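To start, the structure itself, in structure tokens.
Since every read-out is calculated from the coordinates, none of them should be taken as a lab result. What you are looking at is a predicted structure, and each value in this text was computed from that prediction instead of being measured. Positions of Cβ are backbone-derived with ideal geometry, glycine not excepted, and every protein chain shown enters the neighbour counts.
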Amino acid sequence: MAKQSAKSRSKKSDILIKANATSSRILEISQNGIRIEMTNKGTITGKYRGIHWDTVEIQWNLDGTSSWEVKMIEMTDKGDMLVGTGSGTGEPPNSRGIAKLRGEGTIMTASPRLLELNGKRWVCEVDNNVLAGKAQVAVNFQ
């Protein structure tokens with residue numbers, strides 16, 4: 001059933017990112033929760049194909065909810081580069097360790113092939129497997 005969900009999600013989204021955590025760092029522990037930084041690397045399919053890198057700073061609250069900010073770089077298989085920033089919120093992880101996140105941001109590129117994306121707003125829905133350090137991100141450009 002999970003495979004069907006991934007297939008239907010990739011058809012509904014402009015791009016699908018499958019990323020793995022490559023490192024994490026605890027920045028702060030306080031009575032309000034934990035602030036961490038994670039770096040991720042993964043693949044992109046959909047409107048364009050390529051590699052995705054990001055750094056995410058997360059405020060993980062005591063109730064399991066979160067807020068986050070991301071900086072990302074993407075390189076297509078044709079050599080085009082895109083960069084972006086964004087932010088969002090997350091629900092507490094479920095019993096399988098999967099947290100649902102939502103966010104939005106902007107993307108920029110100087111690539112003539114992808115110029116229609118320069119300055120575009122993006123929105124995303126994320127299935128973040130906290131236990132496995134893997135995320136699947138469905139992105140739509142607006």
> For the chain, with only Lys/Arg (+1) and Asp/Glu (-1) charged at the beta-carbon, what is the dipole magnitude about the Cα centre, in debye rounded to 20?
Replying inline: 640 debye
> Roughly what would the spin-label model give for residue 43 and residue 115, points 7 Å off Cα along C-beta, in nm?
Replying inline: 3.1 nm
> Quick one: helix 2-12 against the long Cα principal axis of the chain, what's the angle to the nearest 10°, folded into 0 to 90?
Replying inline: 50 degrees
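Of 100/120; 18/41; 47/134; 18/71, which sit over 19 Å apart, Cα to Cα? Kindly include the intermediate steps, with their values, before the conclusion.
Values: 100/120 24 Å; 18/41 8 Å; 47/134 22 Å; 18/71 16 Å.
Over 19 Å apart, Cα to Cα: 100/120; 47/134.
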>> Using a Cα-Cα cut-off of under 18 Å, which aspartates and glutamates could be cross-linked to residue 12, ignoring same-chain neighbours fewer than 8 residues away?
In response: 104, 125, 127
>> For Cα pairs less than 8 Å apart in space and 6+ apart in sequence, what is the mean separation divided by the residue count of the stretch 2-141, i.e. the relative contact order in percent?
In response: 20 percent
